[in-house]
Amino acid sequence: MSSRETMQGWARRLTSAAEMPDPFRSSYEELALASSNFPVVLYSPEFGHGRYREAAKLLVLLDDRLVCFGLERRGVVRAELSMADIHTAQWGTVLLHSWLRFQGPVNHDASCIHVDFNTVCFDLYLPVLQEHLGRIYAGCEGNVRDERAKFDGLLRSDYKFMNLGRDALEPGMEVRKFLLQSRLERRFLHFLRWTMLPGVMLIVTQRELIVVSEGYDQHESEYATVWTYLRRDSIERMWADTAVLRGEVVHHLRVAMRGGYSTAASFAGSRGEEIAEVIDLCAASSGSGLVVPEVRLVGRSGS
């Protein structure tokens, strides 16, 4: 692929309705917005990464809602979320492929917004995530510089996750606890490596559980980074169980959100009590009255 073809797949911000791509023009007009106040509109053309091709998307950020139009074979498909209803936000990056995902409380396509884009367009989409997080932490006084300094102790042990943890924080957040599992590898045949557990970090703030991981599903890779922000007041269940993997005791922490979204994080060794503390912190009522309805820990004594 030539550099020109690559650049044609880059997302861009539209500054007026006149720039609207033809497939999305009529769908955008259905929003019936005032012409005098053009919103934040991000257009991501169809582009390829590896063996995948991502459909063209139009993301519209309004005062109280987020609307996404996707161009599929059946035509333009619309997904819409109230900003107040978003309980899961995810930012992921694998080399030149990045994505932004928002999940609402109902488990169907119309309550999930997922946009893929070339990583060079990072600065275009970051403000959308920041707008969401800014609403969650409105009125909070956490100093982002002081909070990021809490990861300084990882300078020598895991420099990569020290920076990933810092990158996860936005103004207003207060880090109550973080728990790190560095990438766990095993060597065989003297020169080959097998990844037993990918790196993962849990960060508990006053209003969210943030999961920073080296990818998920098909994206799992030392070159992948995924930041997932889970609102504590929308966690339906948290639980942990213990297994033995290749002779290593592994604790799996699982989180289920309202609406069906779920995620997990794995930790090796004697981490049971630390995981229990994370669950207890997420379950505890905060100053804003956030509370997890149900939590349980399986095999807690097996730490």
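The values are calculated or read from the model by the stated rules, or taken from the named source; none is laboratory data. Just so we're clear, the structure is a prediction, and the values are computed from it rather than from any experiment. Neighbour counts run over all protein chains shown; Cβ positions are idealised from the backbone, glycine included.
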- Evaluate segment 57-70: report whether one residue or more is in contact with a Leu (Cβ under 7 Å, 6 or more places away or on another chain) and in a loop (DSSP other than H, G, I, E, B). no
- Task: Starting from residues that are of a type in the set (G, A, S) and closer than 22 Å to E72 by Cβ, keep the ones in segment 11-28 and report whichever is surrounded by the fewest Cβ atoms within 10 Å (Cβ to Cβ).
- Result: S26
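Only one residue in E248, E214, E222 is charged (D, E, K, R) and buried (at least 22 other Cβ atoms within 10 Å of the Cβ). Which one?
E214
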- Query: Do any residues in segment 139-166 that are in contact (Cβ under 8 Å) with a residue 40 or more places away in the chain have Cβ atoms under 7 Å from those of residues that are surrounded by 10 or more Cβ atoms within 10 Å (Cβ to Cβ) and part of a helix (DSSP H, G or I), where the two are at least six apart or on different chains, and which pairs are they?
  - Reply: F161/L154; G165/F151
- Item | Residue that is modelled with the lowest pLDDT [pool: residues in segment 212-237 that are touching an Asp or Glu at 6+ places or on another chain (Cβ under 9 Å) and charged (D, E, K, R)] | E220
- Note on the structure: Of the listed residues (L71, L96), the one being farther than 30 Å from E222 by Cβ, in contact (Cβ under 8 Å) with a residue 40 or more places away in the chain and touching a helix residue (DSSP H, G or I) at 6+ places or on another chain (Cβ under 8 Å) is L71
- Conditions (1) farther than 20 Å from E131 by Cα; (2) surrounded by 19 or more Cβ atoms within 10 Å (Cβ to Cβ); number of the one not met by E185: (2)
- Which ones in segment 129-185 are among the acidic types (D, E), within 19 Å of the chain's Cα centre (by Cα) and closer than 16 Å to L202 by Cβ? D167, E174
- List pairs: first in segment 256-276 and in contact (Cβ under 8 Å) with a residue 40 or more places away in the chain and closer than 28 Å to S111 by Cα, second part of a loop (DSSP other than H, G, I, E, B) and among the hydrophobic types (A, V, I, L, M, F, W, C), Cβ under 7 Å, 6+ apart or cross-chain? G259/V106
